[in-house]
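Computed from the coordinates by the stated procedures, all read-outs in this text should not be read as laboratory data. Computed from a prediction, not measured in an experiment: that's the story for all the values here. Here the Cβ is made from the backbone with ideal geometry for all residues, glycine too, and neighbour counts use every protein chain on show.
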Amino acid sequence: DMDKQEIVYHDDINLGIAVNAPSGLYVPVIAHADQKSIMAIAQEIEDLAAAVRDGSIKPDQMCGGTITISNIGSARGTWFTPIINAKEVAILGLGSIVKEPIISDDGTIVAGQMMKLSLSYDHRLIDGMLG
């Protein structure tokens, strides 16, 4: 809370999911994501993304995030430096899954599936080594 100059600790994880729409990028929030199954989260992502794209998303559906997941992979990007949303602690950026050479356990070079991850976080709240 910048006005009070204090850190606010939340009991829940409210997961923002970046969704691209013709009118721009939106970040709807899955409230209490830590209390939901992966299937429930997947369904909520689908529903929120549809609401963003058809213009029916409501402002209260885009508030209260504690961390966001963004994706440059849909634009065929491999990695990027995501910018933390105000009042959140971190943002995880996912790149495209691409084939890259990997050295296998026996020392041979094989094609493997790789995805670059980029984590930006508030150093006032998360130690750099831990992040």
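One table, with the values for the structure above:
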{"quantity": "Exposure rule at most 15 other beta-carbon atoms within 10 Å, DSSP loop trypsin sites (Lys or Arg not before Pro): the chain longest free segment", "calculated": "5-75"}
{"quantity": "Around His32: net Lys/Arg minus Asp/Glu count, Cβ-Cβ under 10 Å", "calculated": "-2"}
{"quantity": "The chain: angle of helix 38-54 to the longest principal axis, Cα-based, in degrees nearest 10", "calculated": "70 degrees"}
{"quantity": "Using a Förster distance of 30 Å, the FRET efficiency for Met2-Trp79 (Cβ separation, nearest 0.05)", "calculated": "0.50"}
{"quantity": "Partner lysines for Lys4 [C-alpha distance under 22 Å; skip if fewer than 8 residues away on the same chain]", "calculated": "Lys87"}
{"quantity": "Within a Gaussian network of the chain (alpha carbon springs, distance under 10 Å), most fluctuating of Gly16, Gly77, Gly93", "calculated": "Gly77"}
{"quantity": "Relative contact order computed over the chain (Cα-Cα under 8 Å; 6+ residues apart), in percent", "calculated": "19 percent"}
{"quantity": "Relative contact order of the range 54-131, defined on C-alpha pairs under 8 angstrom at six or more residues apart (%)", "calculated": "27 percent"}
{"quantity": "Three-way shape call for the range 15-121 based on the alpha-carbon gyration tensor, with the a/c threshold at 1.5", "calculated": "prolate"}
